[in-house]
Every structure is written in structure tokens, then in C-alpha cells.
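Student: One structure follows; several queries about it will come next.
The values are calculated or read from the model by the stated rules, or taken from the named source; none is laboratory data. All of these numbers come straight from a predicted model, not from anything done at the bench. Using ideal geometry, Cβ is built from the backbone for each residue, glycine included, and neighbour counts are taken over all protein chains shown. Ligands, DNA and RNA are stripped out before the accessible areas are found, and what is left, the full protein with its side chains, is counted by its heavy atoms. Shrake-Rupley method; radii C 1.70, N 1.55, O 1.52, S 1.80 Å.
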Amino acid sequence: MTTRRQDSGELLETAIIGAGFGGLGLAIKLLQEGQGNFAVFEKSGDVGGVWRDNIYPGAACDVPSHLYSFSFEPNPEWSRTFGGQSEIHQYLQHCTDKYQLWGKIRFNAEVTAAKFDEQNHLWTLHFADGESVRARTVVFAVGALNVPAYPNIEGLDSFQGKIMHTAEWDSDCDLRGKRVGVIGTGASAIQVVPEIQPVVESLSLYQRTAPWVMPKRDGWIPPRWRKLYARLPLLQKLHRIVQYWMFESTAPVMIKNNWMTRMGEKLGRRYLTRMIKDPVLREKVTPRYALGCKRVLLSDDYYPALTRPNVEVLTDGIARVDESGIVSRDGSHQALDVIVLATGFKVPAAGAPFPIEGLGGRLLNDDWRSGSEAYLGMTVSGYPNMLYIMGPNTGPGNISVIFYIESQLRYIMAYLKHLRQRNIAALDLKAEVQREFNDALQAKMQNTTWMSGCDSWYLTEDGKNTTLWPGYSWQYRMQSKHFDPSIYRSRRRSMSEPQVNVELGEPATSSS
Ligand code: N01
């Protein structure tokens, strides 16, 4: 059995798209099991996903680092309780070094289309540079928050100053002494505002909806603790377990929309009252929807920053932008040098990142027109040998995404093993399994806080939640623990099909 190069490209056992946490995690697992015939295709020039891209000042995680890291690769050296962007990015680079993944990743390789060849049971991936590659299985680890959303505000293009989206930050832009307008008050805004407030001349914060903000309790991890973690890995493990259950215990508050949610809201309002004494400002930033409906934000320095004399919170709504600043609906004009768009990401209802063609020429974006759905967020009926990491309805509302990713890595490895060991050409999820799974999931979803009436990126335009898991993370882990081949239709390999050497482990060559 050999790997063949054809006009249409080489033949891989597994093609992974994306070199963030999900893609790197799977690459590590494959190498650990001696399955070397894979490549990771990454559209940028480095690993890290959102942690490579989001370099705005203050970018950090809102899940503690000991929990927001691979369980199989603990890092005793985390410098803060909540790791900053560059430290998390470095952690992913360290994983790439340690597990010798650099040679398995093809950088600047942007996939533009994927098509399943029913005859040979192989996927063909097409790239922006015209190259193509064939693979037995494809795994999309592309993440959901990677396309910045630009607001549709009249006159935005006419602004003569600098406009920056938080996800496309220009580090060369010096904000010192500048008049800055920040649009948005989500997770990105509450991190960037306190960071730039001390250096800018003025900061006009355009808030459409006041978020729920809770104390983060961030801080440096003393060197003696780091030494202890390095010396006693069990202690670090224990710390991670404690953090897991602390965050998991917030699930009923965030998800259920019941008396516990009301208790949480009380705590949130108490925190706000403690941090903001000015009744006018406090009234402006008081949230008016159920806690958890939008992402609950953690920050120790956001509210204090709002009380500084050079900050103004504007809540009248934006009428338009002109060449020199922003005009509010009440007619007032703020002259600005820089506009920061902290307006989030495009999370489309039909979530295929590029055209994906499955059985009988069906297109994933057509199948997902009224909202993306899968089985456990990983497999989709009609698309054999295609898997997602962090696909539909697997986002956590309250805990580390890495916990979900690791549950999926385990399932995907079992799926791939089954294909290999049973000499199966293709596994296609039964349509009725997908339907029943999603009917039950959406029924459960109806009682969650996320459906309680606010507008968020969790929902499609029709109000369907296709992003979050409506339960506890341990429930997801239990449900995804066992791979059940009976829910898939399997197609046996014929002798004439191209054979793939699964163990081929030499470094892949660059396609860019
Ligand atoms: O984006 P968002 P984000 N005019 O969509 C406002 C992850 N993340 O980048 O609420 C005026 O939450 C919009 O207003 P409204 C995390 O999963 C994690 O902040 O729609 N305002 C809102 O205030 C998070 O959930 C971390 O009324 C407009 C803001 O822009 C996700 O990324 C850090 C507007 C967008 O908030 C997205 O967060 C950062 C308009 N036309 C991000 N359009 C961690 O800590 C939008 N807005 C791990």
C-alpha cells in the first residue's frame, strides 16, 4: 500500500482543516496512535486560530488557563489565572514543537471547496492556489468565530480616521492621546476598553445592549505555586478538577433561567452597585435581560474604566458615521481619530465555511439553510467520512471549550479506528439518528436562558440556537464517550478503490 500522487493531488488518510486547539489536538492524537498519514491545512502562516488572530490590547481568556489547556499537556508555568492571548498562543506553539507537528502542517493553504467522490469514497479538497488533495476522511476544525462582523452603519466608509476591528487589530496604530470611539460592549470590548482607557485622550463607548458583567478575580500565579505545579503534577491536576467543578456548578444559573438565574442576577447587580456609584452611569449599564442569555462577561477592570473622566458611555444609538466621527440618534456628534469595532463575528445560520458537497451532489449550506445541525456536533448525514470539531450545538455556555474538544477527539479517534480496522470505505450517519438527536436537543433548548428573548450570536435570524450545548459538559462527555457504529450506514471497500497507507509518518511537504 502506498500513497499516490495524481494530477488531482496526493492521497491522505485524514485531512484536518485548521491549526487551532481542535486541529492540533487531533494531530497529536493521530501521531500518538501511529496514524501518520495526515496533514493539517491552515489558511494562515502560524498555528493558534483565534489566539493567533485576536491581538487587541487586553485579549485574554475568560476561562482559567489550567482548565483552558489540554488535559494531556498541562502547563505548570501559566503566569496568570486567566491566560493572556500571547501566552495561550505560545502554549499552542509549544504543543506544536513538543509533538513535532510543524512538518505536518501546510500553512497558507486555504481550502475553497470540498467534494465527496462517491465512487472512490474519497474527499477532494480544493485550495485557493489551485492545488487539490484527496483524503479518506476530512475533519473541519475551523472554529466559529473567525470572520469579523462589520456593522452596517451608514457612512462608516466615509470616516477619514482609522477604523479597526478588534479581531483585525493594527498593532502599529498608536492610540496614545487619540480620541477613540469603541462600538460594542461584548467580550472583546470589555477587555479592550480598560486596556486603552489610560492612554487615550477620550473614549466614547457606544453601547447598544448593556452586558452582564461579573468579577473575574484574575491575578498573577506566584512563582512558588508554579514550582509546586511543576514538581507535583497531581496537584495541578487536582487544581484543574476543582476549577472544572467550580465552573460547571454555574451551569444551572446560566442555562436554566430559573430562581438560580434570578439569584445570579442579584449578585450581578450588587457587583455593579459596588463598582459604579454614579446613578446615571449605573442606570445606563444595567442589563435588561436574563443573566446568561448573552455570554456573561468576566472582568475586574471594565466597570472601573467606565468611571474614569475620559470615558463616556453613549446609549442613544448610532445614527451614522461621517468623515470626522460618529453622530448619535439624539443628533450629538463625537469627533474621533479612531473607531474600534468590537462588533463580534459573523456566525452564519448555514455554517459551512466553503462549499461542501456530499452524497448525490447535496450541498451542506443547502442542508443547513435553516440552521446547522449534526450528531453531537460532529457528523452529518449525507456527508460520509466528514467530521467537525466544535460543530453545531457544541459550544459551552459556562465552561472550557477544551473539555468539549477533548470529548470529540476521543470520539473521532474511535470513528477513524473503526473505519480502518473494519476495512470500511465510508461511514454515513443515518438521517433518522440526526433528526431524533436534534429534535431532542432543540426541545431541551426551549427552556434555556439563551431562548429567553435577547438577541445574540448564539441564534440564527429565525431564533434557532445552533451554537450551544443545552446541558452540562459532563453530559456531553458521557454521550460522546462510546462510538456506536450501528447509527452509521457503512460502505465496504472494493478492491479497485485507492488504498491509503495510514501509518505513513514522514513530514508532509508544503503545498503553498
Ligand atoms: O462579540 P459579541 P465579541 N451598532 O457579538 C455590538 C468570544 N470571545 O467579539 O449586544 C452598535 O459578543 C453588540 O451589541 P448587541 C466569546 O465567545 C471570547 O465581543 O448586539 N453595536 C455587542 O455589544 C464571545 O461571545 C473572549 O446589542 C453593535 C458587540 O457589538 C464572542 O467571542 C474574548 C452593532 C458584539 O459583541 C464574541 O465576542 C473575546 C451595531 N451595528 C471574544 N453591531 C474570551 O474571553 C454589533 N454591536 C475567551
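Student: Please give the calculated 222 nm ellipticity per residue for the chain, where each DSSP H segment of at least 4 residues contributes -39500 (n - 2.57) and the sum is spread over every residue; nearest 500 deg cm²/dmol?
Tutor: Value at 222 nm, helices only, nearest 500: -8500 deg cm²/dmol.
Student: Taking R0 as 25 Å, what FRET efficiency do you get between Arg208 and Ser370 from their Cβ-Cβ distance, rounded to the nearest 0.05?
Tutor: Here the calculated transfer efficiency is 0.40.
Student: Say the dipole of the chain comes from +1 at the beta carbon of Lys and Arg and -1 at that of Asp and Glu; which of Val111, Pro194, Trp474 then lies farthest toward its positive end?
Tutor: Looking along the dipole axis, the top candidate is Trp474.
Student: Determine the per residue accessible area of the chain with all protein chains present and a 1.4 angstrom probe, expressed in square angstrom.
Tutor: Result: 44 Å² of accessible area for each residue.
Student: OK, next. In terms of the Cα gyration tensor, with a ≥ b ≥ c the square roots of its eigenvalues, is the stretch 1-153 rounded because a/c is under 1.5, prolate because a/b exceeds b/c, or oblate?
Tutor: Oblate shape, in that a/c is at least 1.5 and b/c is the bigger or equal ratio.
Student: While we're here: Can you give me the angle between helix 85-98 and the longest principal axis of the chain, using Cα atoms only, in degrees from 0 to 90, rounded to the nearest 10?
Tutor: 20
Student: Any idea which of Gly395, Ala443, Ser407 is furthest toward the positive side of the dipole for the stretch 385-443, if Lys and Arg beta-carbons carry +1 and Asp and Glu beta-carbons -1?
Tutor: Of the options given, the answer is Ser407.
Student: Starting with the highest mean, order 104-110, 140-146 by the number of other Cβ atoms within 10 Å, averaged over the residues of each peptide.
Tutor: 140-146, 104-110
Student: For Phe403, what accessible area in Å² do you get when you roll a 1.4 Å probe over the heavy atoms of the protein chains, rounding to the nearest 10?
Tutor: 40
Student: How large is ³J(HN,Hα), in whole Hz, for each residue of the stretch 316-327 in order, when computed from phi with the Karplus curve 6.51 cos²θ - 1.76 cosθ + 1.60 and θ = phi - 60°, using x for Gly and Pro?
Tutor: Coupling constants for the stretch 316-327: 7, x, 8, 7, 6, 10, 10, 5, 10, x, 10, 9 Hz.
Student: List every residue whose amide H lies under 5 Å from the amide H of Leu336, counting only residues 5 or more places away in sequence or on a different chain, with H placed 1.01 Å from N in the peptide plane.
Tutor: Amide H neighbours of Leu336: Gly325, Ile326.
Student: Something else: With axes computed from alpha carbons, what is the tilt in degrees of helix 21-32 against the longest principal axis of the chain, rounded to the nearest 10 within 0 to 90?
Tutor: Rounded to the nearest ten degrees, it is 30.
Student: Is there a pair in Lys227/Lys266; Lys294/Lys444; Lys266/Lys481; Lys216/Lys294; Lys98/Lys417 whose C-alpha atoms are over 27 Å apart, and which pairs would that be?
Tutor: Violating the 27 Å Cα-Cα cut-off are Lys227/Lys266; Lys266/Lys481.
Student: Keeping every protein chain in place, order Glu265, Glu87 by accessible area at 1.4 Å, biggest value first, i.e. largest first.
Tutor: Glu87, Glu265
Student: Could you check how much of the accessible area of the chain is carbon and sulfur, as a whole percent, using a 1.4 Å probe?
Tutor: Heavy-atom surface of the chain belonging to carbon and sulfur, 1.4 Å probe: 51 percent.
Student: Right, another one. Mind listing the phi-derived Karplus ³J(HN,Hα) values for the stretch 72-82, rounded to whole Hz, using 6.51, -1.76 and 1.60 with θ = phi - 60°, and x for any glycine or proline?
Tutor: Each residue of the stretch 72-82 in turn: 8, 9, x, 10, x, 8, 3, 7, 10, 4, 10 Hz.
Student: If you average the alpha carbon positions of the stretch 111-181 and of the stretch 272-350, how far apart do those two centres end up, in angstrom?
Tutor: Each part's Cα centre sits 26 Å from the other's.
Student: On a 0 to 90° scale, report how tilted helix 401-421 is relative to the longest principal axis of the chain, with both axes built from alpha carbons and the result rounded to the nearest 10.
Tutor: 10
Student: So how strong a dipole does the chain carry about its Cα centre when Lys and Arg Cβ are +1 and Asp and Glu Cβ are -1, to the nearest 20 debye?
Tutor: Once rounded to the nearest 20, the dipole reads 2000 debye.
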